[in-house]
Each structure stands twice: as C-alpha cells, then as structure tokens.
1. Using helices alone, what [θ] at 222 nm do you get for the chain, with -39,500 (n - 2.57) per DSSP H run of 4 or more residues, divided over all residues and rounded to the nearest 500?
2. If I compute Cα extents along the principal axes in Å from the structure I just sent, which labelled value in [x] 54, 27, 22; [y] 52, 23, 18; [z] 26, 21, 20 lines up?
3. Keeping all protein chains in place, calculate the accessible area per residue for the chain (probe 1.4 angstrom), answer in Å².
4. Each label point is 7 Å from the Cα along the Cα-to-Cβ direction; what then is the distance between the points at ASP25 and LYS47, in nm?
5. Mind listing the long-range amide H neighbours of ARG34? Cut-off is under 5 Å, sequence gap 5 or more, other chains count too, H placed in the peptide plane at 1.01 Å from N.
6. With the crude spin-label approximation of a point 7 Å out along Cα→Cβ, what separation in nm comes out for THR56 versus ALA17?
7. Under a point-charge model restricted to the Cβ atoms of Lys and Arg (+1) and Asp and Glu (-1), what is the dipole moment magnitude of the chain relative to its Cα centre, in debye to the nearest 20?
8. Can you find, among ALA19, ILE36, PHE57, the residue farthest towards the positive end of the dipole of region 3-57? Put +1 on the C-beta of Lys and Arg, -1 on that of Asp and Glu.
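The values are calculated or read from the model by the stated rules, or taken from the named source; none is laboratory data. Since this is a predicted model, take the numbers as computed values, not measurements. Glycine gets a Cβ as well: all are built from the backbone with ideal geometry, and neighbour counts include every protein chain shown. Side chains are part of the model used for accessible areas, which takes the heavy atoms of the whole protein and leaves out ligands, DNA and RNA. Shrake-Rupley method; radii C 1.70, N 1.55, O 1.52, S 1.80 Å.
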Amino acid sequence: MRLTVFWDRMNQQFGEAYAQSVAKDYVMAELDGRTIEQALADGEPAKRVWQAVVATFDVPSRLQ
C-alpha cells in the first residue's frame, strides 16, 4: 500500500483534520505502543499500519 492510499483512507475514515490528530496522538497496542506517525517513521509498512487502524477502529468494509 502506498502512503498516498493510506492517507486517503485515513482522511475518508476520520476527516482530514481528525486523521492527522489520530495519527499524531493515538497510541495503538497493535503498533507496539506507538502512534501511527511513529510507526511510519520507524519504517513500518503502510499496509501493516492500516491493518492496525482497521483492528482498532470501526472502519467500514469499503475502506478495508
């Protein structure tokens, strides 16, 4: 998954402003206690990070 696709899905799921807040502030157990921003900066593949988002939030099937 490309980062552009990842951010497009984040924006569709949360809205642009809230997506940035979630990525910056929400610590996720599925990402070993990191935020989305931290996981991506550490080199985690965008697909794995998106899978963690899907596992954590109520994401509609069209975005999964």
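1. Roughly -17500 deg cm²/dmol at 222 nm, from the helical runs in the chain.
2. Correct label, based on the coordinates given: [z].
3. It amounts to 61 Å² per residue over the chain.
4. Here the answer is 3.2 nm between the modelled labels.
5. For ARG34, the qualifying residues are MET28.
6. 2.1
7. On the way: 7 positive and 9 negative charges, 48 e Å.
The calculation lands at about 220 debye.
8. Projecting each Cα onto the dipole axis, the largest value belongs to PHE57.
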